[in-house]
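Since every read-out is calculated from the coordinates, none of them should be taken as a lab result. All figures in this text were calculated on a predicted structure; none of them were measured in a lab. Reconstructed Cβ throughout: ideal geometry from the backbone, glycine too, with neighbour counts over all protein chains shown.
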Amino acid sequence: MFRKTAAVLAGAAMLAAASPAASADVAPEAASPAYAPYLYNGWGDPPDPVTVMEATGTSTFTLAFVLSNGDCDPQWDGSRPLTGGVDQGTIDAIRGAGGDVVPSFGGWSGNKLEITCTSPEALAGAYQKVIDAYGLSAIDIDIEGDAYEDDAVRQRTVDALKQVKEANPELKVYVTFGTGQDGPDTRMIDAAASSGLTVDAWTIMPFNFGGNGQNMGELTVRATDGLKNAVKNAYGYSDEDAYRHSGISSMNGNTDVGEVVNQGDFQSIVDYANANHLGRLAYWSVNRDRPCAGGGADSCSGIPQQEWEFTGLLAQFQG
């Protein structure tokens, strides 16, 4: 699953040779929510997003995480206000440089709005509060742990998103969740399809799933093909349309369980995503897109790399 923990990385990492993907002064591309790596202000020495934009051409970031403050009230990490704080400053900086943001609701830990909001109407209202605060064009629902495993919470989330889509017909909605090596548990997809909810991309997190010592690029392709088949079966799509409603959110470097997603894996993921015109590509996280000498997993990848190299590689995604 998509654990946002600060696991300690073993060993020292050395700076890799410079690569064109992370060269300086690359003009940011037009903002698109389809490619939006995660940026988290909660820990990990958050980088200056404009610096990353200029270095890689990336223009949109998935900002984590909107949570509950204990009631059905959305706040950043459940404790920082929607407006006027550090997160507002990050959004203003990104938009001022020509980019945009996709707030992410949920994640692995913390109080989930999907649980504390006890009706679809209340949950839809919490989502709408964030949409209105920033004039959003896209949101990400990162549903994990108890929020995913509870049948009632999953259905509440589906029903709330259906209301949000009806109220905001131009809004793009992404749903992000865990997976096995052959594809995800299909309960959320099946519930959405049977309820009449269509989302822009069902996005799996193909890591922390027993890939230690294996080729994580190949495992990601295998899991995403399984996702495509699940989406196809649930909605009756063609293969082409099912791929367009599928997405990947990877993790760079060392994962929480000791898998290694290296630059070659990322390149193969981007190539696969482009070849099949996936609906979304992201990864956890820009905070970790730096080399380090035995540092924590929250602020570096733990493998030899150039600063912002993974973000630069994924900026090749064209959808």
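For VAL257, VAL286, the sequence from fewest to most other C-beta atoms within 10 Å is VAL257, VAL286.
Could you work out, for segment 20-314, what percent of all Cα-Cα pairs fall into each 5 Å distance bin, beginning at 0 Å and stopping at the bin that holds the largest distance? Going from the shortest bin to the longest, the percentages are 1, 6, 13, 17, 20, 18, 14, 9, 3, 0. Diffusion of segment 122-176 by Stokes-Einstein, at 10 °C in a medium of 1.306 mPa s and with Rh set to the Kirkwood radius over alpha-carbon pairs, works out to 138 µm²/s. The stretch between GLN88 and ASN215 holds 41.9 nm of extra length on full extension. This uses 0.36 nm per residue minus the Cα-Cα distance.
Its Cα centre serving as origin, the chain has a Cβ charge dipole (Lys and Arg +1, Asp and Glu -1) of approximately 100 debye.
Net charge dipole, segment 94-195: roughly 340 debye, given to the nearest 20, about the Cα centre with Cβ charges of +1 for Lys and Arg and -1 for Asp and Glu.
What residues qualify as long-range amide H neighbours of LEU63, i.e. H under 5 Å apart, gap of 5 or more or another chain, H built at 1.01 Å from N? The list, which skips near neighbours in sequence, is LEU39, VAL102, SER104. Sorting THR255, THR203 by the number of Cβ atoms found within 10 Å of their own Cβ, with the fewest placed first, yields THR255, THR203. Approximating the spin labels as points 7 Å out from Cα along Cα→Cβ, the ASP71-to-ALA97 distance works out to 3.7 nm.
The count of lysine pairs in the chain with alpha-carbon distances below 17 Å, taking only pairs 8 or more places apart or on different chains, stands at 6.
For VAL261, the residues 5 or more places off, or on other chains, whose built amide H falls under 5 Å of its own are GLY253, ASN254, THR255. Beta-bridge orientation, segment 20-314: approximately 20 percent antiparallel, per DSSP, counting only bridges with both partners inside. The GluC sites (Glu not before Pro) of segment 114-171 that DSSP puts in a loop, and whose beta carbon has at most 16 other beta carbons within 10 Å, are GLU170. Amide H contacts under 5 Å for SER250: ALA282, TYR283, TRP284, restricted to partners 5 or more places along the chain or on a different chain, H placed in the peptide plane at 1.01 Å from N. Taking all Cα pairs closer than 8 Å and separated by 6 or more residues, the relative contact order of segment 20-314 comes to 18 percent. 3J(HN,Hα) along segment 96-104: x, 9, x, x, 7, 10, 10, x, 10 Hz, from the Karplus curve 6.51 cos²θ - 1.76 cosθ + 1.60 with θ = phi - 60°, whole Hz, x for Gly and Pro.
Extents of segment 242-281, taken as max minus min of Cα coordinates on every principal axis and listed largest first, are 31, 17, 10 Å.
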